[in-house]
Amino acid sequence: MKTAKRPWFLAFTLLLSGAWSVSSGTSMAAEPKAAIAMPDKFSAEMAEKILKRGGNAVDAAVAAAFVLAVTYPEAGNLGGGGFMTIFATQKAMPGQMVAQVQQPYFLDYREKAPLAASRDMYLDGKKQPFPYRSLLGYQASGVPGTVAGLWAAHQKFGRLPWKDLLQPAIKLAKEGFIVPVKLQRVRNWYQKWIVKKAKQPLNFNAYFGHFKAGDRFKQPVLAETLSRISDHGRQEFYQGKTAKYLVEQMKAHGGLITQADLNAYQVKWRQPVVANWQGYQIISAPPPSSGGIAIIQLLKMKTLLDDDYALAKTKALKQGIDPQVVQAHFYAELSKRVYADRAQYLGDPDFMKVPVKTLISDAYLLKRTEGILWDDISETETIKPGKIESPETTHFSIVDFSGNAVSNTYTLNMPFGSGIVIEKAGFLMNNEMDDFSTKPGVANLFGMVGGQANAIAPEKRMLSSMSPTILLKNGHVDTVVGTPGGSSIITSVFQTIVNIKEEGMTAQQAVDATRIHHQLFPKDVIMYHPNLPDTVKEELEVMGYTLKQNNYLGDVQLITLKDGHWQAASDYRERGVSKVFGRRK
Ligand code: GLY
């Protein structure tokens, strides 16, 4: 163990507080209000309209996801994939008995590796990674899952006709929308980035390279694709004209996705990961996401050390040190342990056994808190996975008038994905293959170092951090939350839950609060939102951390009950719109 660079307050023995207590209390909103927290104004307008027309949360989610595929092209998509956490009453199909009660569901519509993929496909003869091959160009894409996912959600829960839900997106693609400043900004960044990195020609600029903020941007080819999907449903994307265009273009340019891949693609209804914490039931994303497990690990370990944490903050204050220093160090220590487990144990559950129960069990997490000191950084090299016996994504949160909820995160991976547009269909392809561990020990786009559990294999799903989460209290929806941000999704959702449930913040304060992020590697690096005070940064540097400003640590979309009333909030740093409304207003 290293010695502290400076004894800025006394070290003390950890007093582990034992199991967390489950408190009671009611939190059900009695009034018929709905709430939305969406990543842009177009999806917000549509979600509100659909809910007011009598659609449920899933109808609003499907319509919004298609709208975002038009108005939020950096992450909204047809060519990507995602996860949807749902708390709702399932629709009765003819002749089918279904429980008429609201229940949690989890829909995995993550991309899959193509059949022709192989473990070392991104390594050269010397086993070194081909630069940027898993990020840009035709070989970077997994088999898309978005259309299959939205179709499956609608089949099980949708109340309004499928065709109606696509109309807003078709109209926006055909007639165009006014380009927001932030869309132009992220597009400009991507254009510069691909000039430096792309090793093969990309057709991105021909489609997205010319709009300016304030222009009306029309996408007639995408409008036709959406019309076909509206007419023929899922089948159009996987076996229809759209499939043909995708496969032809892949074949012509050395891409891997074939008609057999599209035929084989299936979504999965999985058991969400569930845990009790501080009187709430947390419903979140199971593998192939690491998100749900990681968030629960962070919350539970924090609770185990809460007494000591309070004491450490008091001691720091007495010594004139900002408690945010203690907070950032504490969260970094917890994150070190969580991201070590992530690298070791998490991958596609269809290919391996993921020890979910153990990883979120009280006994396991109690052991994981061992070795955390308040005045010293744990050596990165000593943080091994626990012993077990035996940028760009987008998120939205919706609660409808009946208390059904959808928490949906979907993505192309990077903003604008692989930079490849399917030309006759007008949509961008993902670069999700980079979320695999392309070479054990070599970091991906998010600096994540993976192991064998997340090695590439045909038809396997790549590990994700997307964490669409719902908190229940007394069997009713209390909170719906999620964010983009790659590996920082986990720490952003964790900090937002702590902000609302333990720090007493309003929804808006909770999403706007300064966040920090640490993920084991790079060693002892804490990323921070620009408004972290200089004094806090300096103290952390004295401790031995390297501080890195990151203007983009997520875009949290939060709905939560406060004193029996919904509050909805979108991160002020991005272009989200959130709203609570009644049926008429
Ligand atoms: N592509 C980012 C994630 O799935 O975590």
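Laid out as a table, the results:
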| read-out | value |
| --- | --- |
| Over segment 490-585, volume per residue of the alpha carbon convex hull, in Å³ | 107 |
| Among beta bridges that DSSP assigns inside the chain, antiparallel share in %, nearest 5 | 90 |
| Dipole moment magnitude, nearest 20 debye, segment 530-585 about Cα centre, only Lys, Arg, Asp, Glu C-beta charged | 720 |
| Computed log₁₀ I(q)/I(0) - Debye formula, equal Cα scatterers, no solvent, segment 344-492, q 0.21 Å⁻¹ | -1.39 |
| Rough spin-label spacing in nm, given labels placed 7 Å along Cα→Cβ, for Gln509 and Ala116 | 5.6 |
| Point-charge dipole on Cβ atoms (K/R +1, D/E -1) for segment 381-528, about Cα centre, debye to 20 | 260 |
| Taking Leu359, Leu115 and counting other C-beta atoms within 10 Å, the order from fewest to most | Leu115, Leu359 |
| Reciprocal of mean inverse Cα separation for segment 55-208 (Kirkwood radius, Å) | 18.3 |
| Of Lys313/Lys439; Lys171/Lys199; Lys315/Lys537; Lys212/Lys501, those spanning more than 30 Å from alpha-carbon to alpha-carbon | Lys313/Lys439; Lys171/Lys199; Lys212/Lys501 |
| Ranked Phe237, Phe106, Phe351, Phe83, criterion: other C-beta atoms within 10 Å, fewest first | Phe351, Phe106, Phe237, Phe83 |
| Charged-residue dipole, Cβ positions (Lys, Arg, Asp, Glu), the chain about Cα centre, Debye nearest 20 | 1080 |
| Residue exposure sequence - Asp512, Asp571 - by fewest surrounding Cβ within 10 Å | Asp512, Asp571 |
| Debye-sum result for segment 215-318 in log10 I(q)/I(0), which assumes one identical scatterer on each alpha carbon, at q = 0.17 Å⁻¹ | -0.92 |
| Listed residue (Leu359, Val481, Gln509) projecting farthest to the positive dipole end of the chain, Cβ model | Val481 |
| Protection-proxy order for peptides 452-464, 393-405, 362-374, each taking the mean of Cβ atoms within 10 Å per residue, highest first | 393-405, 452-464, 362-374 |
| For segment 135-218, diffusion coefficient by Stokes-Einstein and Kirkwood Rh (Cα), 10 °C, 1.306 mPa s, µm²/s | 101 |
| Shape box of the chain [Cα atoms, principal axes, largest first, Å] | 67, 63, 51 |
| Alpha-carbon centroids, segment 519-585 and segment 41-112: separation in whole Å | 25 |
| Where N is the number of residues in segment 90-129, Cα Rg divided by 2.2 N^0.38 Å | 2.38 |
| Centroid-to-centroid separation of segment 231-262 and segment 300-351 [C-alpha atoms, Å] | 45 |
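Taken together, the values in this text are just the output of simple stated rules run on the coordinates, not laboratory data. Everything numeric in this text was worked out from a predicted model, so none of it was measured. As a convention, Cβ positions derive from the backbone with ideal geometry for all residues, glycine included, and neighbour counts pool all protein chains shown.
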